[in-house]
Structure formats: C-alpha cells, structure tokens
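The block underneath contains the structure these notes are about, expressed in structure tokens.
The values are calculated or read from the model by the stated rules, or taken from the named source; none is laboratory data. All values reported here derive from a predicted model rather than from experimental measurement. All Cβ positions, glycine included, derive from the backbone under ideal geometry; neighbour counts span all protein chains shown.
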Amino acid sequence: MERLVSGIKPTGGLTLGSYIGAIKQFVELHKSYESYIFVADMHAITTPQEKKELRNNIRDMVAIYLACGLEPDNATIYIQSENPYHAQLSWILECNTYLGELNRMTQFKDKNRKEGSKNLSCGLYTYPVLMASDIILYDADVVPVGEDQKQHVELTRNIVERFNNKYGSTFKMPRPIIPEAGARIKDLQNPKMKMSKSDSDSRGCILLLDEENVIRKKIMSAVTDSDNKIIFDEENKPGISNLMMIYASLKDIKLDEVERKFVNSNYGEFKKAVADAVINTLKPIQEKYKEIINSSLIDEILNKGIEKVIPLAKDKCLEVQEKIGLGR
Ligand code: ATP
Ligand code: LTN
C-alpha cells in the first residue's frame, strides 16, 4: 500500500479553503493509503503564537480531523513536535538545500513583501525544508495539499533527487495530490486573493466553526459581477467562479454540471444553494466536533499515533546520519 503524509498548521480558525483544499482530500483518500496525518505545530510557531491559544488550537485541530471523518483505525494521527526526528532531519536537509531555492518560494516572497523582513522569523524562511522533512521522513508516496503548497512539494522533490544522487537511494520521491475543484478557494470579498485565516478579513473567509447565520450572511454578500449568469470564467467573473468551485467541490460534481444546473437561476438563487451546501457540510462536522473536543479520545489517539511514528522516523534518521557520516 502506498503511503500518504500531510498536515495542517494549528494557527486557529480553520477555513472552508483548508477544508476543501486539504481535509476533504485527507478524508477521501485516507483509507486507500497507509496514512499519516499530523498537526504541524512546529510550523505554527514560524509566526508568533500565544502559548495558551496554541495548545488549544493543537487540540482543536485533532478534533476537527476526527469530526471531518478521519478514522483513527485508518490513519495515524500525531503531533509533529512530539517526534523530535522531524527537526533532526530538517537540519540535515537544510544543509543540503540552497539559499537560491528558498529565495524562489513565492509564499515567503509574498509575506516578505507585505510585512517586511524585519518582522519575519528565520523559521518562516526555512519552513519549506521542515515540510520536506515531514514528508520524506516517512517515505511518503503522496501528499494531498492545496495549490499554494505545491511549490513546497516540488522543492521536496528536488531535495530528494539531490540527496539520493549524492548519498545513494535513501528517500522515496513524493508526489503532490491537488484537488481538481477547489485547489485555491478565494476570499469572498476579494476573489482574486486566497481565502486565508491570516490574510482575509473575516467577512471574506468562512471558518469551519462559523454559525449557520454567519455562513449564510457571508455567502449572500459575496462579491460578484453584475451580469447575473452562472458561468465559470475565473478571469472575468472571479466571484461567481469561486462560488461555483465551492459548490462543485462540496457536491462532488464538475463545473459544467454546475453551469447546467443553474442555467436558469439568478445570483441570489445560486448563492442560496451554495450557502445550503456549505451549511449541510459543516453542520454535522460542528456537531461531531462538540462531542469530541472534551473527550479523552483525543489523547488516546495521539498517544497511539506518536508511539507508532517515532520508531519509523528514528530508523530513517539513523539511516541518513550513517550515510552522511554523522556521529560514531
Ligand atoms: P495561513 O493564512 O495561516 O498561512 P491558511 O489559511 O493559508 O493559513 P494553511 O493552514 O496554511 O491555511 O493550509 C492548510 C492546508 O489547506 C494546505 O494544504 C493548504 O494548501 C490548504 N488551503 C489553505 N487555504 C486554502 C484555500 N483557500 N483553497 C484551497 N486550499 C487551501
Ligand atoms: N505547510 C503546510 C502544512 C504542512 C504540510 C507538511 C503539508 C507542514 N508540513 C507536510 C503537507 C505535508 C501548510 O499548510 N501551510
């Protein structure tokens, strides 16, 4: 069975974008692979985090994975920082990655442009290498992520190729899995921009735990054009195309089916259908989340998960250290 590895940063307020781009894929794929899904808490601290909030967000992330439908019998779920080999391998990989490669990472370049280098940590700059470590530590075959993470998986592939050429076959070559519909859900108020928990204003961004009336209001007031035709055209009709993407993904249908279904509808009717689809998806998740968040299940699953991954990661790390001559 091939291996799947992926994770999400617990920085609070998970968005509909992360659900469609990442978690929905985890849930659909996790039974067909040997799956390792983690909480990327070491990635969270690349930007400042408040201690108490971070702890809550880590627990929340696990409850959300479970509420969305990840089954612990079919996926190993764990917290990244509880396995020290992620950071251990990451350092070795950093010493085998070029500055030029990190300088090309568009996510960092965007943040640098917006916030200025004075306020950014070195960890934010090198985090794609930690991500590479997360992936190849477990010999992942596939990595389900949204479009914005594709470049980081490409970097991982370059690191693997270089390392294997230099030291002999050591790491598996991973491939990204990007969803067909919903790889890049846009902000509802600014549909040229990615829907994101840190960059979107709250009206443009649906959170997985938003109340029903809040979700409906955000979708009904999403920015669209004035031509009142439900046609997919990202260039000229970004707002309506984004809503079509959300609908297609949640209903598991193609975009041309959405066009046909709503050929006689106006924007108001279509938005209502999108709001219903989002609410019907999120409501059961929210109910399950409330049941799980305070249960002991979370710790049981995390204990089991970390027990399983540490020996795997240790073996890989020792193999790497041996190949490059570290230690005795
Ligand atoms: P931040 O704003 O803090 O950088 P984010 O909202 O972009 O966070 P992440 O936690 O970085 O979300 O993303 C988790 C996963 O969800 C990644 O695989 C990412 O590609 C995917 N993802 C995030 N936002 C979107 C989006 N708008 N559309 C599709 N996929 C997304
Ligand atoms: N960088 C990703 C989270 C992440 C990840 C990974 C995803 C960290 N390590 C390994 C897939 C595989 C993000 O969502 N910002």
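Going residue by residue through the stretch 43-53, is there one that turns out to be more than 26 Å from residue 1 (Cβ to Cβ), of a type in the set (Asp, Glu) and in contact with a Ser or Thr (Cβ under 6 Å, 6 or more places away or on another chain)? Break it down stepwise before answering.
Taking the stretch 43-53 and keeping what is more than 26 Å from residue 1 (Cβ to Cβ), we get 43-53.
If we keep only those that are of a type in the set (Asp, Glu) too, we end up with 50, 53.
Then drop every residue that is not in contact with a Ser or Thr (Cβ under 6 Å, 6 or more places away or on another chain), which leaves none.
Checking the stretch 43-53: not a single residue is more than 26 Å from residue 1 (Cβ to Cβ), of a type in the set (Asp, Glu) and in contact with a Ser or Thr (Cβ under 6 Å, 6 or more places away or on another chain).
Right, residue 107: at pLDDT below 95 and either over 17 Å from residue 298 (Cβ atoms) or of a type in the set (Gly, Ala, Ser) (or both) or not?
Details: at pLDDT below 95: yes; either over 17 Å from residue 298 (Cβ atoms) or of a type in the set (Gly, Ala, Ser) (or both): yes.
Yes.
Within the stretch 158-181, identify whether any single residue is over 29 Å from residue 99 (Cβ atoms), in contact (Cβ under 8 Å) with a residue 24 or more places away in the chain and away from ligand 2 (no atom under 13 Å from the Cβ), and answer yes or no.
yes
Residue 22: modelled with pLDDT of 95 or more, within 14 Å of ligand 2 (Cβ to nearest atom), buried (at least 19 other Cβ atoms within 10 Å of the Cβ) and among the small types (Gly, Ala, Ser), yes or no?
It is true that residue 22 is modelled with pLDDT of 95 or more, within 14 Å of ligand 2 (Cβ to nearest atom), buried (at least 19 other Cβ atoms within 10 Å of the Cβ) and among the small types (Gly, Ala, Ser).
Need pairs with beta-carbon distance below 8 Å; first residue farther than 17 Å from residue 285 by Cα and within the stretch 38-66, second of a type in the set (D, E, K, R) and more than 11 Å from ligand 1 (Cβ to nearest atom); sequence gap 6+ or separate chains.
Listed pairs, sorted by first residue: 38/134; 40/134; 54/41; 58/41.
So, in the stretch 173-182, how many residues would count as being within 12 Å of residue 20 (Cβ to Cβ) and crowded, with 21+ Cβ neighbours inside 10 Å?
Of the residues in that region, 1 qualify.
Considering only residues that are of a type in the set (A, V, I, L, M) and in a loop (DSSP other than H, G, I, E, B), look in the stretch 192-207 and name the one that is surrounded by the fewest Cβ atoms within 10 Å (Cβ to Cβ).
193
Kindly indicate whether residue 178 is closer than 30 Å to residue 2 by Cα and in contact with an Asp or Glu (Cβ under 8 Å, 6 or more places away or on another chain).
Yes.
Residues in the stretch 104-150 that are of a type in the set (D, E, K, R), closer than 17 Å to residue 176 by Cβ and within 12 Å of ligand 2 (Cβ to nearest atom): how many?
Result for the stretch 104-150: 4.
Regarding the stretch 103-111, can at least one residue be identified that is surrounded by 13 or more Cβ atoms within 10 Å (Cβ to Cβ) and in contact with a strand residue (DSSP E or B) (Cβ under 8 Å, 6 or more places away or on another chain)?
No.
Filter the stretch 245-275 for residues that are touching a Ser or Thr at 6+ places or on another chain (Cβ under 6 Å) and within 16 Å of residue 233 (Cα to Cα) and give the result.
Residue satisfying the conditions is 267 alone.
Tell me, which residue of the stretch 46-97 that is polar (S, T, N, Q) and assigned to a loop (DSSP other than H, G, I, E, B) is nearest to residue 24 (Cα to Cα)?
Of the residues in the stretch 46-97, the ones polar (S, T, N, Q) are 46-47, 49, 56-57, 74, 76, 80-81, 83, 88, 90, 96-97.
Next, only the ones that are assigned to a loop (DSSP other than H, G, I, E, B) stay: 46-47, 49, 74, 83, 96-97.
Details: 46: 25, 47: 26, 49: 26, 74: 15, 83: 25, 96: 33, 97: 32 Å.
By that ranking, first place goes to 74.
Here's a check for you: in the stretch 121-145, which residue that is in contact with a helix residue (DSSP H, G or I) (Cβ under 8 Å, 6 or more places away or on another chain) and outside any helix (DSSP H, G or I) is farthest from ligand 1 (Cβ to nearest atom)?
This residue is 139.
Going by the conditions given, is residue 19 assigned to a strand (DSSP E or B) and touching a residue at least 12 places away in the same chain (Cβ under 8 Å)?
no
Pick from 100, 69: which is more than 15 Å from ligand 2 (Cβ to nearest atom) and either buried (at least 17 other Cβ atoms within 10 Å of the Cβ) or over 18 Å from the mean Cα position of the chain (by Cα) (or both)? Let's see the steps before the verdict.
Values: 69 fails: either buried (at least 17 other Cβ atoms within 10 Å of the Cβ) or over 18 Å from the mean Cα position of the chain (by Cα) (or both).
The match here is 100.
Just to be sure, is residue 156 surrounded by fewer than 22 Cβ atoms within 10 Å (Cβ to Cβ), β-branched (Val, Ile, Thr) and more than 10 Å from ligand 1 (Cβ to nearest atom)?
Criteria not met by residue 156.
Checking residue 229 against (1) away from ligand 2 (no atom under 16 Å from the Cβ); (2) free of Cβ contacts under 8 Å to residues at least 24 places away in the same chain; (3) farther than 19 Å from residue 255 by Cβ; (4) of a type outside the set (Asp, Glu), only one condition comes out false. Which one?
For residue 229, the failing item is (3).
Exactly one condition in (1) under 15 Å from the mean Cα position of the chain (by Cα); (2) within 16 Å of residue 271 (Cβ to Cβ); (3) hydrophobic (A, V, I, L, M, F, W, C) is false for residue 207; which is it?
For residue 207, the exception is condition (2).
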